[in-house]
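In what follows, a single structure is set out as structure tokens and then discussed.
The values are calculated or read from the model by the stated rules, or taken from the named source; none is laboratory data. Given the structure is predicted, the values throughout are model-derived calculations rather than measurements. Glycine gets a Cβ as well: all are built from the backbone with ideal geometry, and neighbour counts include every protein chain shown.
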Amino acid sequence: MHILLKFFRVYPWQSVLMLLALLLAGISEGISLSALLPLLSLALDQGEGDKVPGTDGGGQDGSGLEEIVRGVLHDVGLTPSIGVLLIIVMVGIVVKNLLLLAARKQIGYTAAQVTTDLRLSLLRAVLASRWEYFIRQPAGRMANAMTTEAMRASEAYIYGTTMIARCIEAVVYIIVALLISWQATLAALGAGLLVLVVTYALVRMSRRAGKRQTKLLKSLLGRLTDTLQSVKPLKAMGREDLADEVMAAETSKLNRALQKEVFSKAVLQAIQEPMFVGFIAIGIYVALVMWEVPASTMLMLALLLGRIMAQMGKIQRWYQKMVTAESAFWSIDQTTREAQETREISTGTLPPRFERDIRLQGVDFAYGEKVVLRDASAVIPKGSLVALTGPSGAGKTTIVDLITGLLQPQHGAILIDGVDLREMDLRQWRRKIGYVPQENLLLHDNVFHNVTLGDPGLDEADAEYALRAAGAWEFVSDLRDGMYSVVGERGASLSGGQRQRIMIARALAHRPELLILDEATSALDPKSEGAICDTLKQLAGRLTVLSISHQTALVDIADRVYRLQDERLIPVRSPAEH
């Protein structure tokens, strides 16, 4: 039930409206049901007197529910005739269903909002988290949380609120039944609770199955994401059967958890109804044979007690569905809180000004006990083209992460025009940067969207400027639909050099002052690499270029070259030597 309290705290007014509609719907149904007993008495020719015939010590007398209804009608000036009572019953049912419609609509709207809010909260928390946290997170885990877990969490809300609706209906039936015969009502409640206790083990089975599903879905989506990213090499080596075996094993585990959930739900429903019907049958026998309860009263009691037990069964089944799905909510909630706890905190407020140079000054950095940089120093003058080389794993990308503020040095400083980067507004500084990664990150969309990434502040003129600056306008304009041509999955319809130029255009679209290329030409052939180098030479001067590369072509055109080796930055070429 803790999950319902959580939802009600997050969506207070929606919950109040829903509960109010359900409560009024319950009252309407109670009024409708209350009119049934005198209606049945009249229909069976037992309503001519002012009292309902009672029973002996078994329990009914004429001062019960029927007397209350007759008294209320008399006070408002109505005669308890068959016509009047039928109108009351019909009006009560119509009003009840209108209110239930409003409640269900509110539940549906709020459930949709739950899904949206959970997804956005997680996305914002992850995007705002520290870089060290982000790179440790499996992509499949985040994809599963954003899709499956968010949807199952909203289903838990629907199941829980539906359970509350059933509880309100059950309370109405219980109140009306108590007014007819409190002894029979208490006996029925005792029998119903006994059934719920006996079958609660099946609810626990569903809860365990739901937790198992949540855990397995995380693993399955993680493996699926990794597998899809490596389909080409697997197929090229004829080893796709290995991926199939792994995925089949994970899917089989998930299937077993789903089977347990289905089994527990089916068994619960199968055994509840016979047990409830058995207790009701015993009650009817005792009331008719031993207590000689009047027919109208007995019909009304049978109707109410049957509904009470049916609602108790539904309450347990909706509760079972809720506990099966709620583990998904706690999982996405935990993931979101973990990301929020690692939120990137920037205390800098100074607006960044880049007019002279960027300096690494005595920088030390380590990942845990692994030292990457020790007393590293370098200068990147504005308008220059600086190349950074070094063996794989030496820490070249770490330097980029330090310059962009994704990481902070343990000692030393990153200075922009002599100002420590930690004193600056990091978000404003990053808006001055264009970044081209080694990986191909083109979207299965048109060229325009790949360049602008849907930024409403960028138009066709900005896209064309960026494509021309990246040397991509000639081939893009030759495409069938120009910049609105779809590039295919990961840019499959383009060559490697063309893909890389569009990636450069994306980095240039917002007109940055610093362009960073992280091994951006490592997968290109010499001709394509040479064309990109020509583009970079044209860009140098208009903006500052920092290129990380093993390729000699980029090193040859650089104004300055630094080599990262043995945790230190070694100057290889200075402007005087160039």
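Among the residues of the range 454-465, which ones are within 14 Å of G482 (Cβ to Cβ) and surrounded by 15 or more Cβ atoms within 10 Å (Cβ to Cβ)?
Passing the criteria: A463, E464.
What strands (runs of 3 or more DSSP E) completely inside the range 478-578 contain at least 2 residues that are among the β-branched types (V, I, T), at pLDDT 85 or above and surrounded by 22 or more Cβ atoms within 10 Å (Cβ to Cβ)?
Per the criteria, 544-548.
Considering (1) among the aliphatic types (A, V, I, L, M); (2) under 20 Å from P512 (Cα atoms); (3) not in a helix (DSSP H, G or I), say which one V400 fails and leave the rest.
Among (1) among the aliphatic types (A, V, I, L, M); (2) under 20 Å from P512 (Cα atoms); (3) not in a helix (DSSP H, G or I), V400 violates only (3).
Under 9 Å by Cβ, and 6 or more places apart or on different chains, what pairs join a residue from the range 151-178 that is closer than 17 Å to M312 by Cβ with one that is outside any helix (DSSP H, G or I) and of a type in the set (A, V, I, L, M)?
G160/M1
Mind checking which residues of the range 437-466 are under 18 Å from P512 (Cα atoms), touching a Lys or Arg at 6+ places or on another chain (Cβ under 8 Å) and either free of Cβ contacts under 8 Å to residues at least 40 places away in the same chain or among the aliphatic types (A, V, I, L, M) (or both)?
If the condition is that a residue be under 18 Å from P512 (Cα atoms), touching a Lys or Arg at 6+ places or on another chain (Cβ under 8 Å) and either free of Cβ contacts under 8 Å to residues at least 40 places away in the same chain or among the aliphatic types (A, V, I, L, M) (or both), then V451, L453, A466 are the ones that fit.
Residues that are in the same structural domain as K218 (by TED's automatic domain parsing), within 32 Å of the chain's Cα centre (by Cα) and either in a helix (DSSP H, G or I) or surrounded by fewer than 20 Cβ atoms within 10 Å (Cβ to Cβ) (or both): does the range 176-185 have at least one?
no
Would you pick out the residues in the range 113-140 that are closer than 19 Å to L22 by Cβ and surrounded by fewer than 18 Cβ atoms within 10 Å (Cβ to Cβ)?
Selection gives Q113 alone.
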